[in-house]
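The values are calculated or read from the model by the stated rules, or taken from the named source; none is laboratory data. Computed from a predicted model, the values in this text were never measured in an experiment. For neighbour counting, all protein chains shown are included, and Cβ atoms are generated from backbone atoms with ideal geometry for every residue, glycine included.
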């Protein structure tokens, strides 16, 4: 008889634990796993958690971080779920059920999307992976800022070295190639062959042949025999700034050689086969201006 009574008592307790409770805000909740010694969630904390949201009436998944392993970081004072969050600890798993109207009005601040009706319920299944206090967040931000500062210093030092190397290489190149003119922006150019056609203006559609090389002579791009020539509108940002400026010095029939500083080319990031802080050499033939 005692064993039977003990078994019945255990079933009653288990049933009570599995029964949904409600917060003062009307959110139904059920906590599946708890730890008395884990860090509790306090006001102002941030929670890193996995969340799966399902519209119960249609069994439609709104989002699921479990499937892509990209947990959300949410404030403990999240408008709809804050009262439920306050009952959690680090490591807890729980289930919340809220009215869709409430969630979209308070948390999303948007009307219900198509397919969700007023009165529909959303079930949130959550697992609390970590809890960050305001002090924790400040420390993380300070560490991240320190890392970013150190990274910027490293990039700056690397950039200085690359700029100096590029500058020396440019000067060596120019010493071997006399006759260049320099614009106010720093663009250098030389007329290889003079034409007598229409002058290029901003907005014109032009067709050109070209070859682009690094200072060491490496060819990174060019128009090739049997392939279409390059056609685009000048001055519309379709090409690097050095091209937009330089081509407006040309007319149909001209062939120019341009030395384009990195600031007028691909800048501090480079692109594809072009290293950061690279001065570029372009041989350009103006074929057509429209």
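Some notes on this structure:
- Residue in the range 273-290 that is nearest to residue 228 (Cα to Cα), counting only those that are outside any strand (DSSP E or B) and in contact with a strand residue (DSSP E or B) (Cβ under 7 Å, 6 or more places away or on another chain): 290
- In the range 107-121, of all residues being within 30 Å of the chain's Cα centre (by Cα) and in contact (Cβ under 8 Å) with a residue 12 or more places away in the chain, the one that is nearest to residue 24 (Cα to Cα) corresponds to 107.
- Residue in the range 259-266 that is within 22 Å of residue 182 (Cα to Cα), over 28 Å from the mean Cα position of the chain (by Cα) and modelled with pLDDT of 95 or more present: no
- Under the condition of being at pLDDT 90 or above and either surrounded by fewer than 22 Cβ atoms within 10 Å (Cβ to Cβ) or more than 18 Å from residue 238 (Cα to Cα) (or both), the residues counted in the range 275-290 number 7.
- Residue ID - farthest from the chain's Cα centre (by Cα), chosen from residues in the range 230-251 that are surrounded by fewer than 18 Cβ atoms within 10 Å (Cβ to Cβ) and within 18 Å of residue 186 (Cβ to Cβ): 249
- Residue within the range 62-74 that is surrounded by fewer than 18 Cβ atoms within 10 Å (Cβ to Cβ) and either under 16 Å from residue 116 (Cβ atoms) or not assigned by TED's automatic domain parsing to the domain that holds residue 103 (or both) present: yes
- Among the residues making up the range 41-61, those that are part of a loop (DSSP other than H, G, I, E, B), touching a residue at least 60 places away in the same chain (Cβ under 8 Å) and under 35 Å from the mean Cα position of the chain (by Cα) are 41, 42, 44, 45, 56, 58.
- With respect to the stated conditions, residue 91 fails to be over 30 Å from residue 218 (Cβ atoms), exposed (fewer than 11 other Cβ atoms within 10 Å of the Cβ), touching a strand residue (DSSP E or B) at 6+ places or on another chain (Cβ under 9 Å) and at pLDDT 90 or above.
- All of 104, 66 fail the test of being assigned to a helix (DSSP H, G or I) and under 25 Å from the mean Cα position of the chain (by Cα), apart from 66.
- Only residues that are closer than 15 Å to residue 103 by Cα, in a loop (DSSP other than H, G, I, E, B) and in contact with a strand residue (DSSP E or B) (Cβ under 8 Å, 6 or more places away or on another chain) were counted in the range 20-40, giving 3.
- Of the residues examined, residue 166 is not one that is surrounded by 13 or more Cβ atoms within 10 Å (Cβ to Cβ) and at pLDDT 70 or above.
- Residues (outside any strand (DSSP E or B) and under 31 Å from the mean Cα position of the chain (by Cα)) located in the range 75-101: 76, 77, 78, 79, 80, 81, 82, 85, 90, 91, 100
- Test: residue in the range 113-136 that is surrounded by fewer than 17 Cβ atoms within 10 Å (Cβ to Cβ), modelled with pLDDT under 90 and at positive phi: yes
- Candidates in the range 173-190 are the residues that are surrounded by 14 or more Cβ atoms within 10 Å (Cβ to Cβ) and over 24 Å from residue 237 (Cα atoms); of these, the one that is farthest from the chain's Cα centre (by Cα) is 180.
- Here residue 209 qualifies as modelled with pLDDT of 95 or more and in the same structural domain as residue 233 (by TED's automatic domain parsing).
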